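J.: I'd like to ask some things about the structure below.
The values are calculated or read from the model by the stated rules, or taken from the named source; none is laboratory data. Since the model is a prediction, treat every value here as computed from it, not as a measurement. For neighbour counting, all protein chains shown are included, and Cβ atoms are generated from backbone atoms with ideal geometry for every residue, glycine included. Heads up: the accessible areas ignore ligands, DNA and RNA and are worked out on the full protein's heavy atoms, side chains in. Shrake-Rupley method; radii C 1.70, N 1.55, O 1.52, S 1.80 Å.
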Amino acid sequence: MADNLPSEFDVVVIGTGLPESIIAAACARSGQSVLHVDSKNYYGGNWASFSFSGLLSWIKENQQKTDVSVEWDDWRKLILENEEAISLSKKDKTIQHVEDFCFGDQDSAEGVEEAGALPRLPVFGAAGAEGVAQESEKAHSTAESTELESPEPEKATGTEAASEVITEITSADASSHSAALGESAGELGQTEPAPAEASVQEPKKITYSQIVREGRRFNIDLVSKLLFSRGLLIDLLIKSNVSRYAEFKNVTQILAFREGKVEQVPCSRADVFNSRQLAMVEKRMLMKFLTFCLDYEQHPDEYRDYENGTFAEFLRTRKLTPSLQHFILHSIAMVSETDCGTLEGLQATKKFLQCLGRYGNTPFLFPLYGQGEIPQCFCRLCAVFGGIYCLRHPVQCLVVDKESGRCKAIVDHFGQRISAKYFIVEDSYLSESVCTNVHYRQISRAVLITDQSVLNTGSEQQVSILTVPPVDLGKPAVCVIELCSSTMTCMKGTYLVHLTCPSTKTAREDLEPVVQKLFNLNTEKDAENEELEKPRVLWAVYFNMRDSSGVDRSSYDRLPSNVYVCSGPDSALGNDCAVKQAETIFQEMFPTEEFCPPAPNPEDIIYDEDEIAPEESGFSNSPETKPEASTEEMSSGGSAAVEKADNEE
């Protein structure tokens, strides 16, 4: 129990979201003693992934607005005269307006069990499950995946690789369409998309009871993001060797929604040549513009007169057809039509092109079992190097020395006082008194379970990203990410669809119009033929999530100098914000230390004679073991477990 916890650490981290987990791993890797706690009973915070029943429990918890009534006041006796306490929030208020709906047949759902009996979910009602297991079953699968490896030095990278791709597109003939794109797939572990599966039989109707029964096949992310193949997170995963703890799948399709239809956007050489919606003249226009974007800094005369205008206005001056303007703006640059400046749009386009060809024909990767795997991978690295983990472990307050203004310790819910040099706190744990002057943005989120893809291509194993432009100017575009069963996030025969946009109203008001455009919400069996062509929504949830990114440190009231605040997820597609934040905080604490250097290979470690051999230590830290799989060691009942570096590393 908590009495076994050491009373002093170098760093205490509160919250297990992505930036906190990266910082904890970096600190432990540099030799600091780390205590990592979370009041929740699962890893990841708002970055977490849930099984279907786990998500129902999360929904019910966030629909109940009752505050925590049990308050233990004895902790105030531990505060000395020359100290003051900054209380931490007892309830997470980052999630609002949670609404879930069942559109499928659920007559036989009553009594069906997954990890315990689940109550029946009323049609179009808002209901959740009683407390059930949160962790997702992670059975070994045969899904094709991509292993992250550092590129070979002689391989073309960055601008060179993208330039090579575009040059080949413009000069190659139809006979070379199948040539390799960018870097060698063999060197980087790239796998081709699953072969098309002939679907002669009509697809079986998925019922709610099947979803409940197969609930542990779902790994549903609270936040929907992708990894840019040359983004900061991929670079960090490779550099730190954390990539060994995860597997990734290529995003196979970039889609666009134009004139009421979903179309595939050509972004590789084969896609461009095989595209039927682009004429040959348009293909040449597209290649010429993309070539310019790769080194636009070298040609300032081309865009200097439009720097103060929007990227959409700049595209109109480039003699591009409306369809090309649409593809570039919404599916390649993926920026706002009204708010994005010319330079920002050119930079986004260049980033997209630079990421092409590293691991596949699109710039993006998705982690198998969901985005929630990534924080857990960094938690594992921290534990391997001696970090102590305690879930279900609330912290009552921060103890601040009045003279120096620095934080000295925390007091946990057991009444134990734990001292440290530095403290990392996730924003949601700060009380309202500290955040009085903070103004938060909101993210609108929807998660759908559907019975077919938004674009049938003959293959059931497509991972797609689609940007739906706003109907009204000034409103945000909606990012749609569709995941197939080979991503290990949903059961076979279903798709998991994530919709995200910056909030203007409630999530349902922001996103339901897009859902109605793309999907069939009609529960009637005699729906019109037009509706039958659309994928049918079986279940859906809408919610708003707080976006605390971009909050200036000075906005927090009475924040001690050695307390650092990490934000929750932002609305961007990638994870650059979290990685930058983690590295900045780490460098402020330890300016002379390297940020997440590579972990040594086990065979490279030389053990002292008097040191306990790994196999005799009693701990198991094999790379195949997920952090959440060792809950008894790392998170059971608020207890602590130390995973020593010499066990594996």
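J.: Sort HIS498, HIS299 from largest to smallest accessible area, using a 1.4 Å probe on the heavy atoms of the protein chains.
T.: HIS299, HIS498
J.: Solvent-accessible area per residue for segment 206-251 at a 1.4 Å probe radius, Å²?
T.: 25
J.: Check VAL13: other-chain or 5+ apart residues with amide H under 5 Å from its amide H, H built from backbone geometry?
T.: Hits under the 5 Å cutoff: LEU35, HIS36, VAL37, ILE424.
J.: Solvent-accessible area per residue for segment 370-461 at a 1.4 Å probe radius, Å²?
T.: Solvent-accessible surface per residue comes out at 30 Å².
J.: Could you work out the local net charge near VAL262, counting Lys and Arg as +1, Asp and Glu as -1, over the other residues with Cβ closer than 12 Å to its Cβ?
T.: Every neighbour counted, the sum reads 0.
J.: Still on this model: Using the structure shown, select from LYS40/LYS239; LYS90/LYS505; LYS225/LYS402; LYS239/LYS421; LYS91/LYS517 the pairs with a Cα to Cα distance greater than 32 angstrom.
T.: Violating the 32 Å limit, Cα to Cα: LYS225/LYS402; LYS91/LYS517.
J.: Pop a pseudo-label 7 angstrom from the Cα along the beta-carbon direction at both VAL438 and THR338 and give the gap in nm to one decimal.
T.: It works out to 2.9 nm between the two label points.
J.: Next question. Using a 1.4 Å probe on the protein chains only, how many percent of the accessible area of segment 308-369 belongs to carbon and sulfur?
T.: Within segment 308-369, the accessible surface is 45 percent carbon and sulfur.
J.: So who's got an amide H within less than 5 Å of the one on TRP539, skipping anything under 5 residues away but keeping other chains? H placed 1.01 Å off N, in plane.
T.: Here the answer is PHE103, ILE449, since their amide H atoms fall under 5 Å of that of TRP539.
J.: OK, next. Nearest 5 percent is fine: what portion of the DSSP beta bridges confined to segment 308-431 is antiparallel?
T.: Taking every DSSP beta bridge within segment 308-431, about 100 percent pair in antiparallel fashion.
J.: At 1.4 Å probe size, with no ligands or nucleic acids counted, give the accessible surface of GLU302 in Å², nearest ten.
T.: Only protein atoms counted, so the area is about 80 Å².
J.: Taking H as built 1.01 Å from N, whose amide H comes closer than 5 Å to the amide H of VAL478, not counting residues under 5 places away?
T.: VAL468
J.: If r is the Cβ-Cβ distance from GLU147 to THR457 and R0 is 30 Å, what FRET efficiency results, to the nearest 0.05?
T.: 0.75
J.: A further question follows. Round to a whole number: what % of the accessible area of segment 416-564 belongs to carbon and sulfur, probe 1.4 Å?
T.: Roughly 47 percent of what the probe reaches on segment 416-564 is carbon or sulfur.
J.: So, one more: Normalised by the residues of segment 320-463, what does the relative contact order come to in percent, with Cα pairs under 8 Å and at least six apart?
T.: 8
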